[in-house]
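Here's the structure, in structure tokens; my notes come after.
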Amino acid sequence: MNNYCKSALNQIKISLTKTIEIIDKLDERDLLRRPSSDKHSIGELL
């Protein structure tokens, strides 16, 4: 695998790891929040 692919896959791995860390810190009520009534909740987006 070339270095560009390795680098890109590493960045994807890092972003997924950080996203999971953020999700683990959220309360159940945070997942129900909507920025406005016509927008999806955080939980729906995840």
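None of the figures in this text is laboratory data; all of them are computed from the coordinates on show. All figures in this text were calculated on a predicted structure; none of them were measured in a lab. We place every Cβ from the backbone using ideal geometry, glycine too, and count neighbours over all the protein chains shown.
In straight-distance terms, cross-link reach from Lys13 covers every one of the aspartates and glutamates whose alpha-carbon lies under 13 Å from its own, apart from those fewer than eight places away in the same chain; here that gives Glu21.
For the chain, the longest principal axis of the alpha carbon atoms and the long axis of helix 3-25 meet at an angle near 30°.
Give, as a single signed number, the net charge of other residues whose beta carbon lies under 11 Å from the beta carbon of Glu44, with Lys and Arg counted +1 and Asp and Glu -1.
Net charge around Glu44: +3.
At the listed q of 0.15, 0.17, 0.19, 0.25 Å⁻¹, the Debye profile of the chain, built from one uniform point per Cα, gives log10 I(q)/I(0) equal to -0.54, -0.62, -0.68, -0.86.
The HN-Hα couplings worked out from phi for segment 28-36 by the Karplus form 6.51 cos²θ - 1.76 cosθ + 1.60 (θ = phi - 60°) are 4, 5, 5, 5, 8, 5, 10, x, 7 Hz, whole numbers, x standing for Gly and Pro.
In this simple spin-label approximation, Ser7 and Ile20 carry label points 7 Å from Cα along the Cα→Cβ vector, and these lie 2.5 nm apart.
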